[in-house]
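Working notes, structure below.
The values are calculated or read from the model by the stated rules, or taken from the named source; none is laboratory data. Computed from a predicted model, the values in this text were never measured in an experiment. Because the Cβ atoms are built from the backbone with ideal geometry, glycine has one as well, and the counts that use them run over all protein chains shown. Please note that ligands, DNA and RNA were not included when accessible areas were found on the heavy atoms of the full protein model with its side chains. Shrake-Rupley method; radii C 1.70, N 1.55, O 1.52, S 1.80 Å.
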Amino acid sequence: MSYLPKTPSTRHRSRSEAKTPLTPSLAVGLNSLSLATPSKADVSFANPFAASRPSSPAKRSASGSIQVSESLQRQASTGVIRKGGVESRLDVVTRDYVPPKSEKKRSKSQPSRDTRDRFITTRDPADDVAATLDLMSLNPQSASPGHTARLAAATGVPLNRRVLSYHEPPPPSASDPLLAQAREYARPLYARPGALPTSTSTATTGAKGRKISTQPERVLDAPGMVDDFYLNLVSWSCLNIVGVALAENTYLWRADSGEVVQLGEAPEGSYISSVEFSNDGLFLGVGVGTGAVELWDAESQTKLRTMSGHSSQVACLSWYQHILTSGCADGSIWHHDVRVARHKVGELIGHQGEVCGLKWRSDGELLASGGNDNVVNVWDGRIGDVAPGTRSAARWTKRNHTAAVKAVAWCPWQPSLLASGGGTSDATVHIWNTTTGARLHSLPTPSQVTSIQWSPHKKEFMTTHGYPTNAIMVHAYPSMERVAEIRDAHDSRVLWSAIGPAGDVVVTGAGDENLKFWRIWEVPKVRKSKESKDSSGRTGSTKSDILRIR
Amino acid sequence: MPTKQAPTRQAITLKGSTNLVTEFFKYAANTILFQRGVYPADDFHMVKKYGQTVLVTQDLALENYLDKILKQVNKWLLTGSVTQLVLAIISKDSRTSLERWVFDINLVEQPSGESEAAPAKPEAEIQAEIRNILKQIVSTVTFLPVIDEPTVFNILAYTSESADVPADEWVDTDPLAIEAGKSQQVKLRSFSTDVHRIEAMVAYRYDG
């Protein structure tokens, strides 16, 4: 067969760059003759082509250039099947490759001769040629058909085999783009460390784990409690009174007696957005959705004054002595001196988004604030030095969080420590040294951090979390190890927490309209610690006796 | 499929063996689709099968699709006209085949005449073999190249010429082969019933 390409080569080279000779096509033909069973299909394929192009055999014979085809024709004349096989092959080629350009070119020199083509490489395999080849179980795409046929013959694989696939493609993976998007959003919730669905509603104990009760000590119904991340609706005073805001009403629950008192209502058409007891427990600051800050006497249940001025909802409050500091949805933080008529004694501008976390350090030197702009600010607590209205800048600003910072808490036993926790897309607790501004520790958590409480007695802190774990977690400091976890503490995200005056019980509030009291920490030496506080100046082992005598 | 009457008979009869093989393909295909990340992992849920947990899709469309294919494969197995099943994993964008999971189906030569003489293979043994294949599929993740592009899959059935092909449901197709120079092949374990012998192999594109 090696002489085959030579015969037409002179012509072919001149008019086309594709030099692939006739060999494969004829190889296919010959292989089909030798390997394939003589099938009627070949004949049936041959006929339509012959009908569509009746002139082609005539041309071929007229040209007389292709000796093989003629010899084959002679051979073919002896048997119908052979004739059909070879001719169909050649006819297919002929019919397939008829580029009009080349025809025009050729028409001048060789008018009717060479419409036939032998260049297999250039033809479209998806055409009806492919069907013919498929009948032979040859694949035109993966390799040259001749090669496949030879390979098949050599390896002894039966050629009369079909490769079939189902007529429709497999369904796309995430057919619903919305669902795929939802998955994308939900992934970070589950892809976090500790988000394993292993332990549900059980206290998982880490290496230094400690068993805490997974059942609340007490559950109070709180109908109408607003499920809003940005509000702060629970406060627990040092006089053991829990203040809670349910929609537009404020209630006081005396933990000693279990007595419930309605303190008051928000102005018509508004709602309570925050409550906060003063440090002595006698007064309750109430932030209202309109932007007013009210001052209530917790003992007599009377409203003492209303301090207006904020333009929108006051979502967080914090007290230091007579200063009530309020964070507003417009990002401003105001200091109100509750004793004086011109109550606004300071304004701190530093947040671009709503202020949602605000805490005075117990000594009043520093004020920490977290905002919806993912920023943690620490402000100098000194107020009198600057004239009212002067905008003081934050002592330092931290932008490590990637979501709203609602949870901020000062460490009671190491004044320089500040813990802050980010929202859903952040879910990380950062511990800061506020003296240097350094980030000491970071703790990724399974879900949004809604509040942080430090234990006054142990080197631990507690975090409350939102969807999907709805958990209360206790972490050790400084190892940051998880000490305990209460999964699904509430049916909905745990939004607020407040620690009792004894430092052992924590109350949590959530969107499921429940207040739950959890005994997180033991206070093993309550008397001793209290006494040591009282007798702060004294030393010696007999101090308790002394106290008792007095 | 597992009926209460004599489970060991399953492997002996052609029908029982066919069902066993078909079921194996279902779990093998699911395992591959999960392990190779063709479908998102959260589409799958765990099912106890062959004494281990197997991840099976819960995407209804995919389930139906596999069912339709396996139903036909089952028919072909009964007539003995299918010789190979291939699960090809194809790049969604470039349409090049990245992996081909090949399952050769061989008919076990039955000793003519007194076939009772050969002791029937216990079901437990077959299940253990199947379990080993599935485990091996899972373990191939360790050496298969990481696929970081969206993929689709296709199931090819190599049938004999004479196979009964339901018209316009199954079509002749390209074998989606990987070029010989770029292909690496790893033979996996095999399992056999008294009628069928399934040999598994994975070929993957490796441009190294």
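Descriptive notes on the structure:
- On association of chains A and B, roughly 2600 Å² of accessible area becomes buried (total for both chains; probe 1.4 Å).
- Accessible surface area normalised per residue over the range A:218-519 is 35 Å², counting heavy atoms of protein chains with a 1.4 Å rolling probe.
- Two-decimal log10 I(q)/I(0) for the range B:2-205, as the Debye equation yields it once each C-alpha is a single scatterer, q = 0.07, 0.10 Å⁻¹: -0.21, -0.43
- Per-pair calculated FRET efficiency, R0 = 30 Å: A:Asn400 and B:Ala61 via Cβ, rounded to 0.05: 0.10
- Over 27 Å [Cα-Cα, the range A:218-519], rounded percent: 34 percent
- Virtual spin-label span in nm between B:Val146 and A:Glu268, 7 Å along Cα→Cβ: 6.5 nm
- Peptide A:455-467, shielding by other chains (average Cβ, 10 Å cutoff): 0
- The residues neighbouring B:Pro145, those whose beta-carbon lies less than 10 Å from its own, together hold a net charge of -2 under the Lys/Arg +1, Asp/Glu -1 convention.
- Within the shell of other residues whose beta carbon sits under 13 angstrom from the beta carbon of A:Asp512, the net charge comes to -3, with Lys and Arg scored +1 and Asp and Glu -1.
- Peptide A:235-248 has a mean shielding of 0, counted as Cβ atoms of other protein chains within 10 Å of each residue's Cβ.
- Computed E for A:Leu239/A:Gln414 - FRET, C-beta separation, R0 30 angstrom, nearest 0.05: 0.70
- Expected 222 nm ellipticity per residue - DSSP helices of 4 or more, -39500 (n - 2.57), all of chain B, to 500: -10000 deg cm²/dmol
- Over 32 Å (Cα to Cα) - which of A:Lys398/B:Lys92; B:Lys48/B:Lys71; B:Lys75/B:Lys187; B:Lys92/B:Lys121 fall in this group: A:Lys398/B:Lys92; B:Lys92/B:Lys121
- Extension gain, A:Arg342 to A:Asp228: 0.36 nm times the residue separation minus the Cα-Cα distance gives 37.9 nm.
- Extending 7 Å from the Cα toward the beta-carbon at both A:Ser425 and A:Asp488 defines two label points whose distance is 2.9 nm.
- Summed residue charge, Cβ within 9 Å of A:Ser492's Cβ, Lys/Arg positive, Asp/Glu negative: -3
- Accessible surface of the range B:58-193, 1.4 Å probe, proportion on carbon and sulfur as whole %: 50 percent
- Inter-label distance, B:Val47 to B:Glu179: 3.9 nm, where each label sits 7 Å from its Cα along the C-beta direction.
- Accessible area per residue in Å² at 1.4 Å probe, computed on the range B:64-208: 50 Å²
- Averaged over peptide B:167-174, the number of partner chain Cβ atoms lying within 10 Å of each residue's Cβ comes to 6.
- Rounded to whole Hz, the Karplus (6.51, -1.76, 1.60) HN-Hα couplings of the range A:464-478, x for glycine and proline: 10, 10, x, 4, x, 8, 6, 9, 10, 10, 10, 10, 8, 10, x
- Estimated FRET transfer efficiency when R0 is 25 angstrom, pair A:Asp330-A:Glu365 (beta carbons, to 0.05): 0.45
- Close amide-amide hydrogen proximity is noted between A:Leu495 and A:Gly509, A:Ala510, A:Gly511, each under 5 Å apart and 5 or more residues distant or on a separate chain (H modeled in the peptide plane; Pro and chain starts excluded).
- Surface composition of the range A:399-489: carbon and sulfur atoms hold 50% of the protein heavy-atom accessible area at a 1.4 Å probe.
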